[in-house]
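As structure tokens, the structure follows; a few thoughts come after it.
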Amino acid sequence: MDHPLPLGIVAAFALCSTVPARAENAPPRPGELGGVDGSGMEQGSGAITNRSEVAVSVESLPGSPALRLQALGDAVSTRMAALRACYVGVTRERPAVQGRIAVRVELREGRAALTVAEDGTGDRELSECVLRELRAAPFSSISGNAGGLVVMVFSNTAAEGAAALARDRGRAADTVERTPDGRPRAVSRTPGGAVEVVVTGDAGATAEAVAALARSVEARIGSILDCRRRASRGGLSPAGAIVISLSIPARGAPSGRRVESSVAFPQAPQCVIRAMGQAARGAPEAAGTHTVEVRYAE
């Protein structure tokens, strides 16, 4: 016999696991990156992202029998991969996004009505994607009436630093300076100084081009932060500097090559090259050749 669960009780079968946004990178090719399309940076296939996590639970609504709530949770579990994909896609461009989204699900005679009851992320793209994917869950297989609140908590490793940097967005672009030999240079730092990125244009680069690349780097700082996290794996110190040469054509894919690195983790330069490739794709007005130095503190 089905027994209703009291309002607000979280189902014991709640989906509480947190998982990485993607598998670890495959071993990089030595040398240089011969274009973004060939490197796996297209639409996140092999792209560097921060570690994104999604925890999901299902709370009962009044009059929902326990067995039907169990079935509702089972249906939601089939969409976990899609829900994670929603979040990974958003944090690739906006790493500061995190928070809680709650979707009310009401089952009546084989039909499911879904509405967003709470959106603590403030990101419309994420909430719309989540709602779309939940609507694709097999709720029609549940007989009888039931209701539940699907609560999703989204978090990622780069959110705190990215949010703080976003508050000062554009500061590097507004303070482009000249090196002693006349090249334009912009410096971006995360609050606390864990990461510093120095973008220096070649002799013919304009201040506007360097500023455009600096803005794009700041908008995608989550990828740079994630490279630092990866560099500390196995107990290694992430401290050091990575210097790359980044070429951004007026048309076509950007490419980068390692110049030097003092970071212990051997794959750190490739990680930075891919992250800067993402930034370059977001700044077509930054066409030219730039030297990018990424400095990681201890």
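The stretch between Arg257 and Ala241, if pulled fully straight at 0.36 nm per residue, gains 4.3 nm over its current Cα-Cα span.
Taking each residue as 0.36 nm, the span from Glu285 to Glu208 lengthens on full extension beyond its C-alpha to C-alpha distance by 26.9 nm.
Using a Förster radius of 45 Å, what is the FRET efficiency between Thr179 and Ala264 based on their Cβ-Cβ separation? Nearest 0.05, please. The pair Thr179/Ala264 has a calculated efficiency of 0.95.
With 0.36 nm allotted per residue and the present C-alpha distance subtracted, the Ala81-Glu118 stretch has 11.2 nm of extension available.
Residues within the reach of a label modelled at Glu106 (point 7 angstrom out along Cα to beta-carbon, backbone nitrogen below 12 Å), restricted to region 58-89, are 62.
Just so you know, all these numbers are worked out from the coordinates, no wet-lab data involved. What you see is a predicted model; the values in this text were computed from it and never measured. Glycine gets a Cβ as well: all are built from the backbone with ideal geometry, and neighbour counts include every protein chain shown.
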